[in-house]
Structures are given as structure tokens and as C-alpha cells.
Amino acid sequence: MALTCRVSPAATELSLRWQSAPARPLGHDQVRVAVQVASVNPIDVKRAAGYGQRVLSLMGAGGAELVLGNDFAGVVTEVGSGVKHLAPGVRVWGLVPTGAQGSHRSEVCVSTRWVRPLPDGVPMASAAVLPYTFTTLWRALAAVGLDAQTAGACRVLINGAGGALGQLAIQVLSRWGASVTAVCGPRSLERSVALGAAQVVDRHATALSAVPSAFDATLNFGLWADDAEVMARLHASARGHATTVHPLLAEIDAHGWMAGGLSCWRAWQGGRRRLQGIAPPARQAWTVFRPDEGAMDALQASLLSRPLVLDVAHRAPFGQADSAFVHVGQGRSTRAVLVAHL
């Protein structure tokens, strides 16, 4: 079975069907997993409305009908001939690379590069909402040179801290010893402090321009319209600025490869010139999701010791997935998952 999404040009329309699908052949380095939980990410909701079709089609992830989803947790039912460290019956969590077939299925066949054993005591839903978001965050942090060794003395500003990326960033960076300032809406202020933020800024009450330019790194998970002001919060010898809300896919969708690509190049160059004027040595990164084994290993280490947390507030059967997509599409700070059995 697979949850097939008919891509709509109108963001208000949603067409999902839970229908029979042929079993996929198993590669020698793959495992077949009976999916018990799969998360619905904001990118799934946007792709259901046609977002990113031109670029994602290059990865086989475009077309009129898609099986969305990247994250999953479940039970191994079969292993390929080259797989020695996993066996049928093992509980796992994992990630399906963006492509023609996502994780919103009753079973997935995926390389063991993107699968890890689920530690005892960790609920499947808690693990299933993490891989895509954590991997994206990991790439953003690496792009500005932040890791467990370098972050300890850093002051980091997170714009859009109330969302999933922001919540994970607060937890990771505060555990690494960084001093985190979280910019978010009033409903997320208390949550940000509880997760480890040293300071919070209510974006409805305080303009970004009023925040001191005193940060070693800035992360924009909020709005592209905020990007220049977020970047301007860096000091002159800062490490860098990363954003996950750049216009790359949207511009190419709207204007095609030539005009859209040119528009993105101009935006990138404009940001680069702006950054050089603020902090000449700083790095600029437009982060996109891509599977990363280092991120998978780091997330597994967290699950084994002190799991990162994203609240799961909505669970829906695969056959009633519309409500989960609606929950995520409303921009809530909590997550939604699809489950095989309620």
C-alpha cells in the first residue's frame, strides 16, 4: 500500500489516496521495513501543491502523482544479501532519500546507509519525526562551521526558533555549550527557554533590527524576507550565516530554469556582497536537505543517550492522512505522523 498524492497547482486542494502498490525489489545492501510510523513534514505539504517540481524532477521526485515522505520508523522484514548487521524483527528508524518513492508507504526498501536500530525505550513516533529535520539542521550547522568542538564559545541567533528546525537547533547548540538567542512568536517563547535558549526575542514585539549585531553565527529558519536583517546581526569576525528558506525552488518553479536561476544567482550574489560588508570572513549557505551519514550517526548517538525532542500532537491512519497534512499546513510548532495502527 502507498499514500499517493495527486499534485495540485492550487495550494487549497489536497488529493491523497491510500491504495495498493506493487512490492519493490530488494537491493543487496537494502532492508525491507514494515512502516509503523511516517512523519509529515512541511516540505510534504508544499510538494503536494506543486512546490519544487522543476528541480525535484531531476531526482525523480516530480510528476502528477507522488508518494511523499522521508522519515519513518518500523520493523525490518527482509534483508538484502549484503546486509549483515540487521535482521528481520529489528525495530529501526530511517530516512528515504528524496526521489520517486517516499516513506508514506506500508513498506520501504532502503539502503542500510539510511537506517539505524531504534534504541530501547524510544517510541517510534518520537524517532520518526527527527531524521529529515535533523539532517537539514546538521547541514546548516556544518556550513557555518559549528560542531561540538567549535560551538562552545559561540553566540548564535536563530530566527524561526518556534518551528521544528529551530527547536532542534536550540537543543543541539545549547548542549554543545553555545549561547542561543531564539527569535520566535509569543507562543514559543517559554518552550524555547525550556529547550535551552539563553535569551528569547518576541518577533511580534521586537524588530530584528533592534537586536544587537553581536552574533558569531545566524540561522534563518523563518522567512526569506527576514534574511538580510538576520544576517546583519553578525559581528565583524563572525563565522557565518545559513538559511533554509532561500528562494531557489520557488523562483525556478515560477520563472523557469533560465529566469528563475538568474534571479537566484542575483539573490545569492547580493547576499554574499552584503555578508562581506558585515563580516568579511563569514560563510554564506543556502541549505537544502540531502541525506548525510554523519547526521544519521549523530542522531543515533542522541537517541542512545539524551534524545532530542519534537512534540507529536497529531496522529492519523495512513488512510486518513488529510488531517495530518492540514495540521502541518497550519504552521503549528508540533508535529504530525501517519501510523499503521492507532
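The values are calculated or read from the model by the stated rules, or taken from the named source; none is laboratory data. All values reported here derive from a predicted model rather than from experimental measurement. Because the Cβ atoms are built from the backbone with ideal geometry, glycine has one as well, and the counts that use them run over all protein chains shown. These accessible areas exclude ligands, DNA and RNA; they are computed on the full protein's heavy atoms, side chains included. Shrake-Rupley method; radii C 1.70, N 1.55, O 1.52, S 1.80 Å.
State yes or no: is residue 169 crowded, with 24+ Cβ neighbours inside 10 Å, free of Cβ contacts under 8 Å to residues at least 60 places away in the same chain and part of a helix (DSSP H, G or I)? Don't jump to the end; show me each part of the working.
On the way: crowded, with 24+ Cβ neighbours inside 10 Å: yes; free of Cβ contacts under 8 Å to residues at least 60 places away in the same chain: yes; part of a helix (DSSP H, G or I): yes.
Taking the combined requirement at face value, the residue satisfies it.
Any chance you could count how many residues in region 283-308 are closer than 18 Å to residue 246 by Cα and either in contact (Cβ under 8 Å) with a residue 60 or more places away in the chain or in a loop (DSSP other than H, G, I, E, B) (or both)?
Count: 6.
Give, as residue ranges, the strands (runs of 3 or more DSSP E) completely inside region 1-114 that count at least 3 residues that are open to solvent by 40 Å² or more (accessible area, probe 1.4 Å), farther than 18 Å from residue 296 by Cα and in contact with a Ser or Thr (Cβ under 8 Å, 6 or more places away or on another chain). So that I can check it myself, show each step before the final result.
Working: elements: 2-6, 15-19, 30-40, 65-67, 71-79, 91-95, 107-111.
Output list reads 15-19.
Check region 258-281 and report whether any residue there is closer than 19 Å to residue 126 by Cα, open to solvent by less than 30 Å² (accessible area, probe 1.4 Å) and at pLDDT 95 or above.
No, region 258-281 contains no residue that is closer than 19 Å to residue 126 by Cα, open to solvent by less than 30 Å² (accessible area, probe 1.4 Å) and at pLDDT 95 or above.
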For this session: Out of 255, 235, 246, report the one residue that is touching a residue at least 40 places away in the same chain (Cβ under 8 Å) and more than 17 Å from the chain's Cα centre (by Cα).
Result: 235
Exercise. Looking at (1) out of contact with any Leu (no Cβ under 7 Å at 6 or more places or on another chain); (2) assigned to a loop (DSSP other than H, G, I, E, B), which is the one condition that is false for residue 251?
Worked result: (2)
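Regarding residue 187, is this residue open to solvent by 60 Å² or more (accessible area, probe 1.4 Å) and of a type in the set (D, E, K, R)? Explain how you work it out, then say what you get.
Details: open to solvent by 60 Å² or more (accessible area, probe 1.4 Å): yes; of a type in the set (D, E, K, R): yes.
For residue 187, the condition - open to solvent by 60 Å² or more (accessible area, probe 1.4 Å) and of a type in the set (D, E, K, R) - is met.
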For this session: Return yes or no: is residue 250 aliphatic (A, V, I, L, M) and at pLDDT 95 or above?
Result: no
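Would you confirm whether any residue within region 194-209 is part of a helix (DSSP H, G or I), over 14 Å from residue 159 (Cα atoms) and aliphatic (A, V, I, L, M)?
Let us first name the residues in region 194-209 that are part of a helix (DSSP H, G or I), namely 194-195, 208-209.
If we keep only those that are over 14 Å from residue 159 (Cα atoms) too, we end up with 194-195.
Now restrict to residues that are aliphatic (A, V, I, L, M): 194-195.
Yes.
With the condition kept exactly as written, say whether any residue in region 193-206 is among the polar types (S, T, N, Q) and surrounded by 19 or more Cβ atoms within 10 Å (Cβ to Cβ).
Filtering region 193-206 for residues among the polar types (S, T, N, Q) gives 199, 206.
If we keep only those that are surrounded by 19 or more Cβ atoms within 10 Å (Cβ to Cβ) too, we end up with none.
Checking region 193-206: not a single residue is among the polar types (S, T, N, Q) and surrounded by 19 or more Cβ atoms within 10 Å (Cβ to Cβ).
Can you say whether residue 50 is more than 24 Å from residue 221 (Cβ to Cβ), modelled with pLDDT under 95 and out of contact with any helix residue (DSSP H, G or I) (no Cβ under 6 Å at 6 or more places or on another chain), as far as the supplied structure shows? Quick ask: steps written out before the conclusion?
Working: more than 24 Å from residue 221 (Cβ to Cβ): no; modelled with pLDDT under 95: yes; out of contact with any helix residue (DSSP H, G or I) (no Cβ under 6 Å at 6 or more places or on another chain): yes.
In short, no.
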Exercise. Taking region 209-231 on its own, how many of its residues are more than 22 Å from residue 310 (Cβ to Cβ), open to solvent by 30 Å² or more (accessible area, probe 1.4 Å) and touching a residue at least 24 places away in the same chain (Cβ under 8 Å)?
Worked result: 4
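Name the single residue that is farthest from residue 43 (Cα to Cα) among those in region 315-330 being in contact with a Leu (Cβ under 7 Å, 6 or more places away or on another chain) and surrounded by fewer than 15 Cβ atoms within 10 Å (Cβ to Cβ). Before the answer, list the steps.
Initial filter on region 315-330 (in contact with a Leu (Cβ under 7 Å, 6 or more places away or on another chain)): 315-318, 321-322, 324-325.
Applying the additional criterion that residues be surrounded by fewer than 15 Cβ atoms within 10 Å (Cβ to Cβ) yields 317, 322.
Working: 317: 20, 322: 15 Å.
Within region 315-330, the match that is farthest from residue 43 (Cα to Cα) is 317.
Are any residues in region 144-166 of a type in the set (S, T, N, Q) and in a loop (DSSP other than H, G, I, E, B), and if so, which ones? Let's see the steps before the verdict.
As a first pass, look at region 144-166 and keep what is of a type in the set (S, T, N, Q): 149-150, 159.
Selection gives 149, 150.
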Exercise. Restricting to region 115-153, what's the tally of residues that are open to solvent by 10 Å² or more (accessible area, probe 1.4 Å), more than 18 Å from the chain's Cα centre (by Cα) and small (Gly, Ala, Ser)?
Worked result: 5
Exercise. In region 306-333, which residues are among the hydroxyl-bearing types (Ser, Thr, Tyr) and modelled with pLDDT of 95 or more?
Worked result: 323
Problem set entry | Residues of region 1-58 satisfying the condition of being in contact (Cβ under 8 Å) with a residue 40 or more places away in the chain, of a type in the set (S, T, N, Q) and within 30 Å of residue 88 (Cβ to Cβ) | 4, 30, 36, 39, 41
Exercise. Can you tell me which of 290, 332, 315, 306 is within 30 Å of residue 74 (Cβ to Cβ), in contact with a Lys or Arg (Cβ under 7 Å, 6 or more places away or on another chain) and of a type in the set (Lys, Arg)?
Worked result: 290
